[in-house]
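These notes are about the structure you will find just below.
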Amino acid sequence: MRKKILYELSSIYRDNLRIKGYIFGKGEKSACVVGAIRGNEVQQLYACAQLVKALKEIEKAGKIKEGKSVMVVPCVNTYSININKRFYPIDNTDINRMFPGYNQGETTQRIAAGLFDTIQDYKIGIQFASFYMPGEFIPHVRMMRTGYEKKELAKEFGLPYVVIRDPKPYDTTTLNYNWQIWNGQSFSIYTSETDKLDIDNAMQAVRAVLNFLDKEGILEYQGHDGYISRVINENEMVPVKSKNAGIFEGFAQVNKSVQKGELMAYIIDPYEGNIKERVMAPCSGTVFFAHDTPMTYNNTVLFKIIEES
Amino acid sequence: MVHVVAEVELPVDEKLKIYKNRLIPEAGLCGDEKRISIVTGTHGDELEGQYVCYELQRRIQEGKEHLKGIVDIYPALNPLGIDSITRGVPGFDLDMNRIFPGNTESGAMPEYIAAGIVEDLSGSDMCVDIHASNIFLKEIPQVRINEKDRRKLVPYAKLLNIDYVWVHSAATVLESTLAYSLNSTGTPMLVVEQGVGMRLTREYGDQLVDGIFVLMKKLGIWDGKVIKPKKPIVSKDGMVSFINAPESGIFVPEVVHSNRIKKDELIGNIIDPLNGRILNSILSPVNGLVFTLREYPVVNKGSLIARILEM
Ligand SMILES: [Zn+2]
């Protein structure tokens, strides 16, 4: 294992922000894994740390293939993660909306450029990512439909689902999108949590990456095969929205099936305790996403269901 | 008359409402009046537009007989942001000007609100969206226009009595703004940037209100007396120099915002208070107008210090 400082930035009173890369194997730049970009991505940081630990063992055992190398970048934004702030401390901008970056531009554009310059030549890009909506998901691989996406490759992670997203204008400045435009192969791995640790889930993500690297002939890893992934377009999921605001009491669980008409949640009056709304499943299928905070607005997506085919 | 444009119920005994006030001619409406919409408060920390909404109405009331069309005033597209000193939408960490045209089907609450706003504004003969930079930078009164709307919008921008019209290149990411959503579907919208976040600059507000009356007169909404608007400088990206901090520190300006500067003249210093020394003296790369200047002293390497229009 080699450690390398990929980018460094000074501040007036804080220690420097350093983006560190951990490199395993020698030769072709085969795959790069990026972890926490936002300051609340603790689960993503943890998953990267566990991946570094696993790769150390794999390298020691001589199981990284000749002429291949893998780099892991656990954290891009120490300045935010150390003060528990989601976006960049000074200007509150999101580094994951700054790619491919600009080395003469604003601070976060420079950080994005500093990172992207050092990772763009890796043939495969993998990001442990988080979603902007609070809630719990089925762990999945996500790809943007750019015209370059290779769905078959995404199945090699062995996670239950591969979700294809049609990019919106604001997606065009994310790492995932730019990586895919640049090298053709980029994947985001979503685990269920972001600011809390879910160790089983993080380890599932680590095994998924190792499975993938094994199938791509970059290293040898004896994991179990994982799932046979189902590919689904994000637009095909059925949203279940609230018609009222109040206290949210959810019953339907992520990764479990529901029947059409089944009770998924109550929305409860916050003062009088009565049930304002019974949220029912509009179709039969598997719960892919569930709201997980105790309150809800009206007109909010509480669940997303993958309809039974 | 005050109308509710969009409404969402919050969890505990509160409704979030987006309001507009509609002003109409004393004699009532006959159906073929023109309509102008004045919009502000998408970013909760930008307050310059608040004064403009007030002052515009005050002057209309003073000369009510001259109002010949519809004036719709939307002072707060992000009311939770304004009331909590938050730039984005509180609870979502989301820039409201990156979610248009919104979504009523599968989106989150801000996207539902955004869709209601777009629907209500659509069909206006002209819209003006007033922004106030951010807390870091002070801007001279200016209109920013996407290159692809240049032909259609520059003639109207020139009526607004502003100092500068910046025709910028089209970036995909800007396709999620309110102005893009409206302009690309046939409702013209001018985006004004002026002043600085979290403050009111009254002289700029008065200047813009003068301009809005000129625009209303041109559209046939106002037939009272108006001023002769300032002739703004119109430029494209190529004429604008961006000056970013070469080092992290505390920025102390030496130029005055909105003044001219000569090449190699001092814009300001980045200082190090711990060691009592100047880390960097920043010189102007061109002769020009300092139309953007940093207000907020703390800078990281890369923070924008100034924008200078070469002239
Ligand atoms: Zn703004």
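Structure values in brief
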{"quantity": "Residue match in the range B:67-76 (condition: of a type outside the set (V, I, T) and surrounded by fewer than 18 Cβ atoms within 10 Å (Cβ to Cβ))", "calculated": "no"}
{"quantity": "The range B:256-279, residues that are within 12 Å of another protein chain (Cβ to nearest Cβ), of a type outside the set (A, V, I, L, M, F, W, C) and either in contact (Cβ under 8 Å) with a residue 60 or more places away in the chain or under 24 Å from A:D91 (Cβ atoms) (or both)", "calculated": "B:D272, B:P273"}
{"quantity": "Selection count where residues are touching a helix residue (DSSP H, G or I) at 6+ places or on another chain (Cβ under 8 Å), away from chain B (no Cβ under 11 Å) and open to solvent by 10 Å² or more (accessible area, probe 1.4 Å), scope the range A:61-118", "calculated": "6"}
{"quantity": "Counted residues, the range A:228-241 - those being surrounded by 14 or more Cβ atoms within 10 Å (Cβ to Cβ), more than 9 Å from chain B (Cβ to nearest Cβ) and part of a loop (DSSP other than H, G, I, E, B)", "calculated": "1"}
{"quantity": "Selection from the range B:290-306 of residues that are touching a residue at least 60 places away in the same chain (Cβ under 8 Å) and surrounded by fewer than 21 Cβ atoms within 10 Å (Cβ to Cβ)", "calculated": "B:E295, B:Y296, B:L304"}
{"quantity": "Subset of the range B:124-141 (residues that are within 16 Å of the ligand (Cβ to nearest atom) and either outside any loop (DSSP other than H, G, I, E, B) or among the hydroxyl-bearing types (S, T, Y) (or both))", "calculated": "B:C127, B:V128, B:D129, B:I130, B:H131, B:S133, B:L137, B:K138, B:E139, B:I140, B:P141"}
{"quantity": "Lone qualifier among B:R202, B:R144 - being open to solvent by 40 Å² or more (accessible area, probe 1.4 Å), away from the ligand (no atom under 15 Å from the Cβ) and assigned by TED's automatic domain parsing to the domain that holds B:Q57", "calculated": "B:R202"}
{"quantity": "Residues of the range B:172-195 classified as within 16 Å of the ligand (Cβ to nearest atom) and within 14 Å of chain A (Cβ to nearest Cβ), total", "calculated": "8"}
{"quantity": "Residue within the range B:85-93 that is under 16 Å from the mean Cα position of the chain (by Cα) and assigned to a helix (DSSP H, G or I) present", "calculated": "no"}
{"quantity": "Selected residue [within 16 Å of the ligand (Cβ to nearest atom) and in contact with a strand residue (DSSP E or B) (Cβ under 9 Å, 6 or more places away or on another chain)] from B:P25, B:P79", "calculated": "B:P79"}
{"quantity": "Residues within the range A:69-86 that are without any contact (Cβ under 8 Å) to a residue 60 or more places away in the chain and assigned to a loop (DSSP other than H, G, I, E, B), tallied", "calculated": "6"}
{"quantity": "Top-ranked residue of the range B:205-246 - restricted to ones that are surrounded by 17 or more Cβ atoms within 10 Å (Cβ to Cβ) and within 14 Å of chain A (Cβ to nearest Cβ), ranked as modelled with the lowest pLDDT", "calculated": "B:V240"}
{"quantity": "Single residue of the range A:1-38 satisfying the filter (closer than 16 Å to A:A54 by Cα, buried (at least 18 other Cβ atoms within 10 Å of the Cβ) and not β-branched (V, I, T)) that is farthest from the other protein chains (Cβ to nearest Cβ)", "calculated": "A:G25"}
{"quantity": "Residue match in the range B:51-62 (condition: part of a loop (DSSP other than H, G, I, E, B) and either within 20 Å of B:D120 (Cβ to Cβ) or within 16 Å of the ligand (Cβ to nearest atom) (or both))", "calculated": "no"}
{"quantity": "Given (1) assigned to a loop (DSSP other than H, G, I, E, B); (2) open to solvent by 50 Å² or more (accessible area, probe 1.4 Å); (3) more than 16 Å from the ligand (Cβ to nearest atom); (4) within 14 Å of chain A (Cβ to nearest Cβ), number of the condition B:G107 does not satisfy", "calculated": "(2)"}
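The values are calculated or read from the model by the stated rules, or taken from the named source; none is laboratory data. This structure is a prediction, so every number in the text was calculated from the model and none was measured. Glycine gets a Cβ as well: all are built from the backbone with ideal geometry, and neighbour counts include every protein chain shown. What goes into the accessible areas is simple: the full protein's heavy atoms, side chains included, and nothing from ligands, DNA or RNA. Shrake-Rupley method; radii C 1.70, N 1.55, O 1.52, S 1.80 Å.
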